[in-house]
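The values are calculated or read from the model by the stated rules, or taken from the named source; none is laboratory data. Remember, it's a predicted structure, so these values are computed and weren't measured experimentally. Every residue, glycine among them, receives a Cβ derived from its backbone with ideal geometry; neighbour counts consider all protein chains shown. These accessible areas exclude ligands, DNA and RNA; they are computed on the full protein's heavy atoms, side chains included. Shrake-Rupley method; radii C 1.70, N 1.55, O 1.52, S 1.80 Å.
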Amino acid sequence: MTIASPDDPFALAPVRISSKRWETPDTFTIELDAPGFRFEPGQFNMLWLFGGGEVPISISGDPEPGAPLVHTIRAVGGVTSALGALEVGATVGLRGPYGAPWPLAAAAGDDLVVVAGGLGMAPLRPVVCFVRRHRARFGRVTLLVGAREPDAMPFRDELGRLREEAAIDVRLTVDHAPRGWEGAVGVVPALIDAIPIEAGRTRAFVCGPEVMMRFSARALEARGVDRGRIHLSLERSMKCAVGLCGHCQLRELFICRDGPVLPLGRVAPLLAHREL
Ligand SMILES: Cc1cc2nc3c(=O)[nH]c(=O)nc-3n(C[C@H](O)[C@H](O)[C@H](O)COP(=O)(O)OP(=O)(O)OC[C@H]3O[C@@H](n4cnc5c(N)ncnc54)[C@H](O)[C@@H]3O)c2cc1C
């Protein structure tokens with residue numbers, strides 16, 4: 001099931017919050033009661049807070065049919081903070097899924113380098129779930145995650161188990177480390193210099209603040225990875241989510257429709273443009 005369809009791209013369904021947990025002091029994960037909802041890793045939904053407004057939020061759960069529909073949200077402003085105040089049992093509006101996914105089918109047989117900065121892990125978590133279920137389809141899988149500090153890293157417990165449970169080489173870094181921190185200290189693009197990369201068979205998926213994506217892309221290119229094999233997920237303020245209103249337009253691209261996942265070759269010249 002999807003709620004939006006080519007016939008009715010604005011279709012909206014009321015759905016109940018069936019579970020909620022705080023990942024970090026400002027970031028929470030909710031599961032929505034939407035049985036049979038289908039999506040591809042990297043896609044997003046529009047979540048409607050009745051009487052409040054609507055926001056684009058990536059789907060952060062397992063894409064396997066039957067798995068719960070999950071979103072992880074940082075309370076930064078009016079709508080996201082009000083969503084954070086809702087409790088289990090409350091109803092929100094849901095439309096989607098929208099947008100271009102990570103090219104997982106094209107990546108079959110490749111090594112994967114997944115690079116997440118902060119909440120950039122949310123749209124990449126479905127990739128990790130997919131890789132866990134279909135581990136034999138990929139070669140070496142490396143997951144690099146950066147955050148301000150350990151307590152600000154969403155899904156941290158789960159990340160710690162991935163090496164053992166899914167044979168994923170997980171490397172974590174923080175800007176500020178407390179005593180006892182065993183990961184790296186510094187920015188996440190710096191981790192790229194230290195990992196094994198066979199450029200010709202590597203595909204990289206990168207999501208985080210734009211400056212982090214620019215430096216990560218630069219580090220990957222410096223290791224020989226072709227621009228067509230580096231994919232970024234762009235966040236731009238958006239309203240309609242179906243390529244009509246122009247809010248998220250970046251020259252010829254509508255990020256909601258052509259993205260949010262795009263190959264570096266298409267977005268590199270545009271990344272210098274600040275949002276209006
Ligand atoms: C495709 C896509 C996927 C997204 N996925 C997620 C997700 O999985 N989880 C999540 O928490 N957020 C996600 N976002 C960002 C989320 O949509 C915004 O944080 C939200 O719209 C802010 O609305 P608000 O009313 O709470 O805040 P506002 O009152 O509109 O803004 C509050 C502050 O947040 C800043 N802000 C607003 N929008 C963004 C943005 N897109 N990126 C960075 N800062 C912003 C504003 O500049 C302002 O400083 C995504 C955005 C896009 C475009």
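For the chain, take every pair of Cα atoms, bin their distances at 10 Å starting from 0, and report each bin as a whole percent.
7, 30, 37, 22, 4, 0
Identify the chymotrypsin sites (Phe, Trp or Tyr not before Pro) of region 1-83 meeting these criteria: DSSP loop state and at most 14 other C-beta atoms within 10 Å of the C-beta.
Those that pass, being in a loop and sparsely packed, are Phe10, Phe50.
How big, in percent, is the set of alpha carbon pairs in region 1-120 lying more than 17 Å apart?
Every Cα pair in region 1-120 considered, those over 17 Å come to 57 percent.
Can you pull the three principal axis extents for the Cα set of region 226-276, in Å, largest first?
Dimensions of region 226-276 along the principal axes of its Cα atoms: 33, 19, 16 Å.
When ranked by the protection proxy of mean other Cβ atoms within 10 Å per residue, highest first, what sequence do the peptides 118-125, 85-92, 69-76 form?
Result, highest mean first: 118-125, 69-76, 85-92.
Around Trp102, which amide H atoms from residues at least 5 apart in sequence, or from another chain, sit under 5 Å from its own amide H, with H modelled in the peptide plane?
Result for Trp102 returns Gly42, Gln43.
Using a 1.4 Å probe over the heavy atoms of the protein chains, calculate the carbon and sulfur portion of the accessible area of the chain as a whole percent.
Carbon and sulfur together cover 51 percent of it.
Please identify every one of the GluC sites (Glu not before Pro) in region 98-199 that sits in a loop by DSSP and has no more than 11 other beta carbons within 10 Å of its own beta carbon.
When the GluC sites (Glu not before Pro) of region 98-199 are filtered for loop state and at most 11 Cβ neighbours within 10 Å, Glu182 remain.
Using only the alpha-carbon atoms of region 13-72, report the extent along each of the three principal axes, biggest first, to the nearest angstrom.
Reported extents, whole Å, longest axis first: 29, 27, 21.
Amide H to amide H under 5 Å from Leu143: which residues, 5+ apart in sequence or cross-chain, H placed 1.01 Å off N in plane?
Amide H neighbours of Leu143: Val114, Asp169, Val170, Arg171.
So which cysteines of the chain have no other cysteine's Cβ under 4.7 Å from theirs?
Cys129, Cys207, Cys248, Cys256
Using a probe radius of 1.4 Å on heavy atoms only, what accessible surface per residue do you get for the chain? Whole Å² is fine.
Per residue, the chain has an accessible area of 45 Å².
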